[in-house]
1. Scanning the chain for helices, which whole DSSP H stretches are 18 Å or more long along the axis (Cα) and average 0.0 or more by Kyte-Doolittle?
2. Name the long-range amide H neighbours of Arg300: under 5 Å, sequence gap of 5 or more, or other chain; modelled H, no Pro or chain starts.
3. With every protein chain present, what accessible area does Phe39 have (1.4 Å probe, heavy atoms only), rounded to the nearest 10 Å²?
4. Residues of region 1-40 with amide nitrogen under 12 Å from the 7 Å Cα-to-Cβ point of Ile54?
5. Would you tally the net charge around Asp139, using a Cβ to Cβ cut-off of less than 13 Å, leaving Asp139 out, and scoring K and R as +1, D and E as -1?
6. Would you mind counting up the charge near Ile295? Only other residues with Cβ under 13 Å from its Cβ, with Lys and Arg at +1 and Asp and Glu at -1.
7. Quick one: which residues, 5+ away or cross-chain, put their amide H under 5 Å from the amide H of Thr115? H built at 1.01 Å from N.
8. Using the Karplus curve 6.51 cos²θ - 1.76 cosθ + 1.60 with θ = phi - 60°, what ³J(HN,Hα) values do you get for each residue of region 173-187, in whole Hz, with x for Gly and Pro?
Amino acid sequence: MLTRNDFPSDFIWGTATASYQIEGATSADGRLPSIWDTFSKVPGAVVGGHTGDIADDHYHRFREDVALMADLGVDAYRFSLAWPRIQPSGSGPVNQAGLDFYRRLSEALREKGITPWVTLYHWDLPQPLEDRGGWLERDTAYRFAEYTAHAVRGLGDTVSDWITLNEPWCSAFLGYGSGHHAPGRHEGSRSAHAAHHLLLGHGLAMQEIRSALPEAQAGITLNLYSVRPASDSPEDADAARRIDGLSNRLFLDPVLRGFYPEDVLDDLGETRWFAENAPQSDLDLISAPSDFLGINFYSRHTVSASAAVSAEVSTDAAGVAASVEAPSAYPGSEDVVFVGSGAARTLMGWEIHPDAMLDVLDMSHERAPELPLYITENGSAWEDSVGPDGEIDDIERTQYLADHVQACHDAVARGLPLRGYFAWTLMDNFEWSWGYTRRFGLVHVDYETLERRPKRSGLWFAGFLGGPLATPDGTGVTVSQM
Ligand code: IFM
């Protein structure tokens, strides 16, 4: 069985979460509403009308959660700062109480030997900024830089690993395109303007981090997909080019190469807007050297230009059936069909392709051969059930985790500069428009009592890492025992 000893000794193993998904305490200590507080209260926006008001109450239980991570044996914990705790109105003065919470968390982690990895933006934009146009406005990028300056000055002595944005594709195209995520707008190809402003925000935030913390490690996290055509036809090849363009190249190329892919801007019908509003000086900022690229990897897309294959319809990156009548998250490419390849799927409907993790590592590595890469999220949702003995025997999640850890091993063996892996997610939490109906955690959360309990997958990870929760022989639960 593979263990962490089969990896380089400095390979980082962690778990990841995000503020709105776990913290609760949405009005504590000066926090004001974010776009997710607003959106989750719109009837029909989130399954079951669920909100993040309580979530896992991590805000009050973080010490227990840090102890759990120490029991798993992780090296690092990736969490996000809630902008509306630190700068509640999205501009103006800092809220010291908000910063203090993250200082307490970071120090508690360090006491246990766990390195904090901080994401500055994991989707909880202060509502007042959305009221002024949100990410469709260039000014929001400057507000993000201002908030970053507060965060890095306030926490830079205890946090040295920083991620600017989490998955700007989702913020732009689910937030302003399909509207499946907050703020729930349907702006068609204008959602690409949000993508540019997010990336500009990344570039400006990198500047703030560099100037306040020259020793810090910093980069961005993108959600990348392996994209394949459903057939050898030129039409399907073009469908794959389009979806790869919108999902991957629209973000990888500006960040790693300093340009936007022309074909994607053409598909969007936004070439002129970008020519007028995304000057080279923006691209210089966006492509300024990073210390790493974070990649969130979940699945592979198989796509077709032909609706004739839609009987096998699959789900897109939001976990939304690609056939549902809703504005598309792929503006300009609405006609492309996401088809099933026959592979097994998680409860999100996402196909399981561990090998495709190497595709996304390759596409990043090709563009920046020297750049260290991290898998900053990877995980799966399943229908968990608690057994009579209280155990959560999540065989599928354990297998998914083991198979993706194996893919990391294959990547390292192939010489790819993969330096770490963060499992999504530490514990069950608010899965955006799916509310609490999709569980990704290595640790189960009872939403009535908020009791946490490691699942089999968590015990497997502890065994792999040699953490205190590993079984007495130090091997943990092996997949073959299942
Ligand atoms: O829960 C999300 C996370 O917030 C961002 N990446 C994908 C996860 C699973 O959908």
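The values are calculated or read from the model by the stated rules, or taken from the named source; none is laboratory data. Computed from a predicted structure; not experimentally measured. Cβ coordinates were reconstructed from backbone atoms using ideal geometry, including for glycine residues, and neighbour counts include every protein chain displayed. The area values use the complete protein model at the heavy-atom level, side chains included, leaving out ligands, DNA and RNA. Shrake-Rupley method; radii C 1.70, N 1.55, O 1.52, S 1.80 Å.
1. Values: long enough: 58-72 (20 Å, -0.47); 96-111 (22 Å, -0.76); 139-155 (24 Å, -0.33); 191-212 (32 Å, 0.18); 395-413 (27 Å, -0.21).
Those that pass (Cα extent of 18 Å or more, hydropathy at least 0.0) are 191-212.
2. Long-range HN contacts for Arg300: Glu351, His353.
3. Estimated to the nearest 10 Å², Phe39 gives 20 Å².
4. Backbone N within reach: 24-25.
5. Working: positive: Arg132, Arg138, Arg143; negative: Glu130, Asp131, Glu137, Glu146.
So the environment of Asp139 carries a net charge of -1.
6. Working: positive: Arg78, Arg367, Arg419; negative: Glu167, Asp359, Asp362, Glu377.
Summing Lys and Arg as +1 and Asp and Glu as -1 gives -1.
7. For Thr115, whose amide H was placed from the backbone, the distant partners under 5 Å are Ala76, Tyr77.
8. Working through the residues one at a time gives 8, 8, x, 10, x, 6, x, 6, 10, 4, x, x, 9, 10, 10 Hz.
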